[in-house]
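**Q** Got a structure for you, questions after.
The values are calculated or read from the model by the stated rules, or taken from the named source; none is laboratory data. Note that the coordinates shown come from a computational prediction; the quantities given were computed from them, not determined experimentally. Cβ sites come from the backbone with ideal geometry, for glycine too, and all protein chains shown count toward neighbours.
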Amino acid sequence: MAKKKIVEMLIESATMELADTKTIRLKWPEDYDVSFKTGQFITLYWPDSPKYKRAYSLSSCALDQGYFEVTVKRDGKMGTRIVDWAKEGDSLYVIPPTGRFLPVYEPEKHLICIAGGSGVTPFRGFAREATRRGLPTRLTVLYSVRTTRDIIFDTEFRELESQNPHFKFRVTCTRLSEEDPWSGRRGRIDTPWIREQVTDLPNAVFYACGPTALVEGTERLVIDEMGLSRDQIRLEKWG
Ligand SMILES: Cc1cc2nc3c(=O)[nH]c(=O)nc-3n(C[C@H](O)[C@H](O)[C@H](O)COP(=O)(O)OP(=O)(O)OC[C@H]3O[C@@H](n4cnc5c(N)ncnc54)[C@H](O)[C@@H]3O)c2cc1C
């Protein structure tokens, strides 16, 4: 099969991660010939509406062979259709992975992944690959959610953290009630919290992904407030 060919893939499984967030696993057809990297996105469309195409970051990693996984929040037309309707046995057309939101797995680097809500999806891929390969690259996910019920991949991130001494998963909740027993951090991601978590700023490479407001907010924090250079930040805006 030729590279970069658009192919129809069966949904092998559909898993609700949260009440409004679903992971679908798309099975590669026989002889599917693809080369791709962790952090890239695929573009999907339904067979009955070929003109309506939408991009989704891979939440699986390049070591996961035989399928792609994407994790979708119920939002807008495509997001709602996938979360409410996509089920095992359905099929979707898949435009192969592309994109430059790629982890720099260099030994001395510290990758700081700033995520809000569903913007955490590609970072599961980042952490999976680094952990399975036993890489020395440090990786820290700073994840902002409204409440503890909104943490996507909580169990997997905590397992990866226990397996990988170079990986840290840190959550901050922005809208918990005062009575909530959560003992972790509260409030938005801000410069003091980042400085507390990242003591080696010259080696840091920041990643921010998701809705434009979060990505631009991170850009302001890193460039304007913290004074880091543009080549220390990688952005993926979802629009
Ligand atoms: C590179 C890339 C990677 C992405 N990765 C992911 C991912 O991993 N997971 C994920 O969930 N999404 C991801 N997205 C976003 C995804 O492509 C879709 O845009 C998203 O699922 C929403 O579907 P839609 O575009 O069909 O929404 P649309 O129907 O086009 O709506 C777009 C936005 O407008 C709002 N809207 C629509 N109608 C109204 C209205 N009448 N009034 C007010 N607001 C309205 C919707 O709530 C939505 O926020 C990614 C996007 C890009 C570009």
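**Q** Can you name the residue in region 13-44 that is in a loop (DSSP other than H, G, I, E, B) and of a type in the set (Val, Ile, Thr) and is also surrounded by the most Cβ atoms within 10 Å (Cβ to Cβ) among such residues?
**A** 38
**Q** Please identify the pairs in which a residue from region 112-133 that is assigned to a strand (DSSP E or B) has its Cβ atom under 9 Å from the Cβ atom of a residue that is crowded, with 23+ Cβ neighbours inside 10 Å and among the charged types (D, E, K, R), counting only partners at least 6 apart or on another chain.
**A** Final answer for the pair search is none.
**Q** Moving on. Within region 191-228, how many residues are in contact (Cβ under 8 Å) with a residue 24 or more places away in the chain, surrounded by fewer than 12 Cβ atoms within 10 Å (Cβ to Cβ) and part of a loop (DSSP other than H, G, I, E, B)?
**A** Number satisfying all stated conditions: 1.
**Q** Out of the residues in region 208-239 meeting the condition of being within 11 Å of the ligand (Cβ to nearest atom) and in contact with a Phe, Trp or Tyr (Cβ under 6 Å, 6 or more places away or on another chain), tell me which one is modelled with the highest pLDDT.
**A** 236
**Q** In region 98-122, what count of residues is obtained for those that are away from the ligand (no atom under 16 Å from the Cβ) and of a type in the set (Lys, Arg)? If you could, list the steps in order and put the result at the bottom.
**A** Step one: of region 98-122, the residues away from the ligand (no atom under 16 Å from the Cβ) are 104-112.
Checking which are of a type in the set (Lys, Arg) leaves us with 109.
Total meeting the criteria: 1.
**Q** Please go through (1) modelled with pLDDT under 95; (2) in contact with a Lys or Arg (Cβ under 7 Å, 6 or more places away or on another chain); (3) over 27 Å from residue 79 (Cβ atoms) for residue 200 and return the number of the only condition it doesn't satisfy.
**A** Looking at each condition in turn, residue 200 falls short on (2).
Every residue, every condition in (1) among the hydroxyl-bearing types (Ser, Thr, Tyr); (2) at pLDDT 95 or above; (3) surrounded by fewer than 21 Cβ atoms within 10 Å (Cβ to Cβ), yes or no:
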| residue | (1), (2), (3) |
| --- | --- |
| 100 | no, yes, yes |
| 105 | yes, yes, yes |
| 108 | no, yes, yes |
| 114 | no, yes, no |
| 125 | no, yes, no |
| 130 | no, yes, no |
| 134 | no, yes, yes |
| 139 | no, yes, no |
| 142 | no, yes, no |
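**Q** Quick check on region 130-144. Is at least one of its residues away from the ligand (no atom under 16 Å from the Cβ), farther than 25 Å from residue 236 by Cβ, in the same structural domain as residue 215 (by TED's automatic domain parsing) and touching a Leu at 6+ places or on another chain (Cβ under 6 Å)?
**A** Scanning region 130-144, I find no residue that is away from the ligand (no atom under 16 Å from the Cβ), farther than 25 Å from residue 236 by Cβ, in the same structural domain as residue 215 (by TED's automatic domain parsing) and touching a Leu at 6+ places or on another chain (Cβ under 6 Å), so the answer is no.
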